[in-house]
1. Going through the range 92-126 one residue at a time, which ones are closer than 19 Å to residue 155 by Cβ and not in a strand (DSSP E or B)?
2. Return the residues of the range 74-113 that are among the hydrophobic types (A, V, I, L, M, F, W, C) and out of contact with any Phe, Trp or Tyr (no Cβ under 6 Å at 6 or more places or on another chain); say none if nothing qualifies.
3. What is the residue count in the range 111-165 for residues that are among the polar types (S, T, N, Q) and either under 11 Å from residue 94 (Cα atoms) or within 17 Å of the chain's Cα centre (by Cα) (or both)?
4. Filter the range 61-90 down to residues that are of a type outside the set (Asp, Glu), in a loop (DSSP other than H, G, I, E, B) and more than 15 Å from residue 165 (Cβ to Cβ) and give me whichever is most open to solvent (accessible area, probe 1.4 Å).
5. Any residue in the range 121-132 that's under 13 Å from residue 54 (Cβ atoms) and of a type in the set (Ser, Thr, Tyr): show its pairings with residues that are at pLDDT 95 or above and crowded, with 18+ Cβ neighbours inside 10 Å at Cβ separation under 7 Å, as long as the two are six or more apart or on different chains.
6. Sort out which residues of the range 157-181 are in a strand (DSSP E or B) and either at pLDDT below 85 or in contact with a helix residue (DSSP H, G or I) (Cβ under 8 Å, 6 or more places away or on another chain) (or both), and write them in order of number.
7. Which condition from (1) at pLDDT below 80; (2) closer than 14 Å to residue 168 by Cα is the one that residue 77 breaks?
8. Hey, does the range 102-110 have a residue that's surrounded by 20 or more Cβ atoms within 10 Å (Cβ to Cβ), at pLDDT below 95 and out of contact with any Pro (no Cβ under 6 Å at 6 or more places or on another chain)?
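The values are calculated or read from the model by the stated rules, or taken from the named source; none is laboratory data. Not measured: the values here are computed from a predicted model. Here the Cβ positions follow ideal geometry from the backbone for every residue, glycine too, while neighbour counts run over all protein chains shown. In case anyone asks, the SASA skips ligands and DNA or RNA and just uses the protein heavy atoms, side chains included. Shrake-Rupley method; radii C 1.70, N 1.55, O 1.52, S 1.80 Å.
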Amino acid sequence: MVSAAVPAAALALVALAGAAAVTSPPTATAPRVVESTPGNEVETSAKGARWAWPLRPRPEVVAPFEAPTSRWGPGHRGIDLAGSTGEPVRSTADGVVTHRGRVAGRGTVTVTHADGVRSTYEPVAPAVATGDRVGRGQRLGTLSPEPGHCAPSTCLHVGALRGREYLDPRPFFGGVRVILLPVPRG
């Protein structure tokens, strides 16, 4: 909570997963923070996570998101999570399965959430069908042994899209440590 002695406009936020900014002074009922990295804004509650981790227990992030400089440019359009072949892959949030198939030789699943953001998972041996409604934490399939981003190791690539724009999935999982610092007045 912001102290009355320090106006909200005189605070800067620093986050481990990228810069953050307060969109309006926090309120007692529903503080809002917009977490952002270049080209990615994710609004979360003060409690943090909108998404649950698709692998359990919480996996190690072995490769971060790297935004492409252009639509077709190089980059890493998601995050890679350490996993094991055959491990259950779960939906990050409630939604509808809008894709189940193969892309670039790997099994993939896409879930569209109520806010319009789509979560993507690969490589997955799907256990769901297009059109299925899934709940947060519901099993989508299993992590398949197909070579991917982490070969020769196994990992799950998780992406996030809004329209055609790739987003950094990391802020959706919450856990971003926010530190309030006074801004010098000048």
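1. 92, 104, 105, 123 - these are the residues of the range 92-126 that are closer than 19 Å to residue 155 by Cβ and not in a strand (DSSP E or B).
2. Those that are among the hydrophobic types (A, V, I, L, M, F, W, C) and out of contact with any Phe, Trp or Tyr (no Cβ under 6 Å at 6 or more places or on another chain): 81, 82, 96, 97, 103, 104, 111.
3. Our first condition is that a residue be among the polar types (S, T, N, Q); within the range 111-165, this holds for 112, 119-120, 130, 138, 142, 144, 153-154.
This time we only want the ones that are either under 11 Å from residue 94 (Cα atoms) or within 17 Å of the chain's Cα centre (by Cα) (or both), so: 112, 119-120, 138.
Going through the range 111-165 one residue at a time, the tally reaches 4.
4. Narrowing the range 61-90 to residues of a type outside the set (Asp, Glu): 61-65, 67-79, 81-86, 88-90.
Pick out the ones that are also in a loop (DSSP other than H, G, I, E, B) and you get 64-65, 67-75, 77-78, 83-86.
Among the residues that remain, those that are also more than 15 Å from residue 165 (Cβ to Cβ) are: 64, 74, 83-86.
On the way: 64: 77, 74: 111, 83: 22, 84: 68, 85: 80, 86: 45 Å².
Going through the qualifying residues, I end up with 74.
5. Every condition considered, the pairs that remain are 121/54; 121/89; 121/108; 121/109; 121/140; 121/156; 121/158.
6. Our first condition is that a residue be in a strand (DSSP E or B); within the range 157-181, this holds for 157-162, 165-167, 178-181.
Selection gives 160, 178, 179, 180, 181.
7. (1) is the only condition that residue 77 fails.
8. So far as the range 102-110 goes, no, none of its residues is surrounded by 20 or more Cβ atoms within 10 Å (Cβ to Cβ), at pLDDT below 95 and out of contact with any Pro (no Cβ under 6 Å at 6 or more places or on another chain).
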